[in-house]
Amino acid sequence: MEGIREDCGIVGIKSFKGENVVPRIYWSLLTLNHRGQQSYGITTYEKGRFKSIKELGLIADIDLTRIRKLCGSLKSNLGIGHTRYATSGSIERGKLLEDAQPVSVSYRDRQLCLAYNGNIANVVPLREEIEEYGIEINGTSDSYILAYELLRGFLEEGDLVDGVKELMKRVDGAYSIVGITDKGDMFVIRDPYGIKPLVYGLKECELFEAASESVALTINGISKIDFVQPGELIIIHNKSIEKYKIHHGEEKMCAFEFAYFARPDSKLRNDKYVYEIRRELGRRLAIRYNEIAKRIDVIVPVPQTAEDAAYGFHIETGKPIEPIIVRHRYLRHRAFIMTKRERGLIVSHKYNMLLDRVYDKRIALIDDSIVRGDTLRHIVSILKNAGAREVHVFSTFPKIISPCFYGIDMATFQELIGFNRSEEEIARILGADTVNYQTIKDFCEAVGTKNLCLACVTGKYPTPYAQKIADIGRKKALAGEKVGGRLVEVGG
Ligand code: SF4
């Protein structure tokens, strides 16, 4: 897969026994580093004060001495953390640090801090309204907008529950939030459609943790996982936990989480592990395209997210899987500090291929999804040059035809290889013999629900403002107009 990014991974932990939660936040963030590699941050709360660190890069790169220091300087029984990739705001290095989360905002002598995963579709009108109030917004990302909206609603409505009701009426987009008020209450919020995942669990009534994926909890020894419901608010007080269903809507969880983003060892909405769903996606591809599947000699997964699907394809067809493509484990992306040429170099050096094993072979090349197609084009051309007789591309995710306004790094129609192109045209661009996409029906059956956001493959968005931007953007793209940035930030 070509390095499409999520923004972000979140975690919030409260110890009712007074344990310092910073080490646990660190471990959880480490398991969530795949959801954001540009920056990380931790904020804790003690005696009415917030203490924070924010840094650029991978949390996995912090050395032991620094971890020990952080555990001391941030020490508290209550804290939240975040790993980020910027799908909102500036990508300048200085701004990336300023926009790193958790963010803290103040208004009329009150303060709160939050970390969130998602994107706000109506960020432009909300920003204008907030500025009309005379509030100066510190950073460029939509996390500040979300935090101000929540704090303003909280103050105007008098309590957090009514503040969240207001937030859900005004904010159009995807948001899974963990936060802390200046009175030391932790809160957990999932948007009315539950577009982004958010799970929680309790360990022996002593420790509460909420996070983007279950793996962040299991690493801390929490094995019984619950799922924050769409439109739900959970408040964690000093001695009690309260749950409120603020909005009663239908779940529309991001389908892409199952194909690509989430870790295979996570559970996102029920008892199924993500790897089990991916294996089923591969099996269904083999059944749906059985004429081609029958003819191939070897199954080759694009590492690493397509490996489970390749196994499913193998179970169905009995054909061998060969790890022809090997990803360089230590080649890391820092897209925000790379030129276009450097990015091209990364694509061409990202994989090593066992080319003397492909001569005269008919290959089923399995990938999790096809967004821009750059990496696949490179891989197919190398396989063909090495003498592969046929290369058939299989995508576990349906054809992506529309951008995402909910926190995934595909922000315009123009960048999508699937926009306004047939499978035959896409195969031609990739240099492949055929391109075979998962059908939407098979995808939903493999996940086990139709209650998914599938906007990027159907063009139908669960929230109205996102739909409006998409409709404007689609018209412009069909007319051949260029866009000068992310559609949510230029208004379509
Ligand atoms: S538009 Fe696609 S990538 Fe974005 S939230 Fe919906 S399913 Fe996920």
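The values are calculated or read from the model by the stated rules, or taken from the named source; none is laboratory data. Just so it is clear, the structure is predicted and the values come from calculations on it, not from any experiment. All Cβ positions, even for glycine, are placed from backbone atoms using ideal geometry, and neighbour counts span all protein chains on display.
Miscellaneous remarks
- Scope the range 206-231; condition surrounded by fewer than 22 Cβ atoms within 10 Å (Cβ to Cβ) and in a strand (DSSP E or B); matching residues: Leu207, Asp226, Phe227
- Leading residue by the ranking (surrounded by the fewest Cβ atoms within 10 Å (Cβ to Cβ)) among those in the range 468-492 that are of a type outside the set (A, V, I, L, M) and touching a helix residue (DSSP H, G or I) at 6+ places or on another chain (Cβ under 8 Å): Gly484
- Single match in Val228, Val199 (criterion: among the hydrophobic types (A, V, I, L, M, F, W, C) and in contact with a helix residue (DSSP H, G or I) (Cβ under 9 Å, 6 or more places away or on another chain)): Val199
- Of the strands (runs of 3 or more DSSP E) lying entirely inside the range 21-117, those carrying at least 2 residues that are within 23 Å of the chain's Cα centre (by Cα) and crowded, with 24+ Cβ neighbours inside 10 Å are 39-46, 78-84.
- Test: Gly194 is within 16 Å of the ligand (Cβ to nearest atom), modelled with pLDDT of 95 or more, part of a loop (DSSP other than H, G, I, E, B) and on the phi > 0 side of the Ramachandran plot: yes
- Condition met for Gly201 (within 16 Å of the ligand (Cβ to nearest atom) and either buried (at least 19 other Cβ atoms within 10 Å of the Cβ) or among the aromatic types (Phe, Trp, Tyr) (or both)): no
- Of the set (1) closer than 27 Å to Phe443 by Cα; (2) in a loop (DSSP other than H, G, I, E, B), all apply to Glu291 but (2).
- Members of the range 396-430 found to be in contact (Cβ under 8 Å) with a residue 40 or more places away in the chain and surrounded by fewer than 18 Cβ atoms within 10 Å (Cβ to Cβ), listed by number: Gln414, Glu415, Asn420, Ile429
- Looking only at the range 252-264, and only at residues there that are touching a strand residue (DSSP E or B) at 6+ places or on another chain (Cβ under 8 Å) and part of a loop (DSSP other than H, G, I, E, B), the one that is farthest from Pro230 (Cα to Cα): Pro264
Results for (1) modelled with pLDDT under 95; (2) in contact with a helix residue (DSSP H, G or I) (Cβ under 7 Å, 6 or more places away or on another chain); (3) under 15 Å from Val457 (Cβ atoms), shown as yes or no for each residue.
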{"residue": "Val380", "(1), (2), (3)": "no, yes, no"}
{"residue": "Arg389", "(1), (2), (3)": "no, no, no"}
{"residue": "His392", "(1), (2), (3)": "no, yes, no"}
{"residue": "Lys399", "(1), (2), (3)": "no, yes, yes"}
{"residue": "Glu424", "(1), (2), (3)": "no, no, no"}
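- All positions within the range 426-476 that are part of a loop (DSSP other than H, G, I, E, B), within 15 Å of the ligand (Cβ to nearest atom) and out of contact with any Ser or Thr (no Cβ under 6 Å at 6 or more places or on another chain): Thr449, Lys450, Asn451, Leu454, Lys460, Tyr461, Pro462, Thr463
- When restricted to residues that are of a type in the set (S, T, N, Q) and farther than 21 Å from Glu156 by Cα, the range 170-197 contains 1.
- Test for Val490: is it away from the ligand (no atom under 11 Å from the Cβ) and in contact with a Gly (Cβ under 7 Å, 6 or more places away or on another chain): yes
- Candidates Glu156, Glu242 - the one that is without any contact (Cβ under 8 Å) to a residue 12 or more places away in the chain and part of a strand (DSSP E or B): Glu242
- Looking only at the range 238-252, and only at residues there that are within 20 Å of Lys450 (Cβ to Cβ) and more than 16 Å from the ligand (Cβ to nearest atom), the one that is modelled with the lowest pLDDT: His248
- Residues in the range 262-275 that are without any contact (Cβ under 8 Å) to a residue 60 or more places away in the chain and surrounded by fewer than 17 Cβ atoms within 10 Å (Cβ to Cβ): 3 in all.
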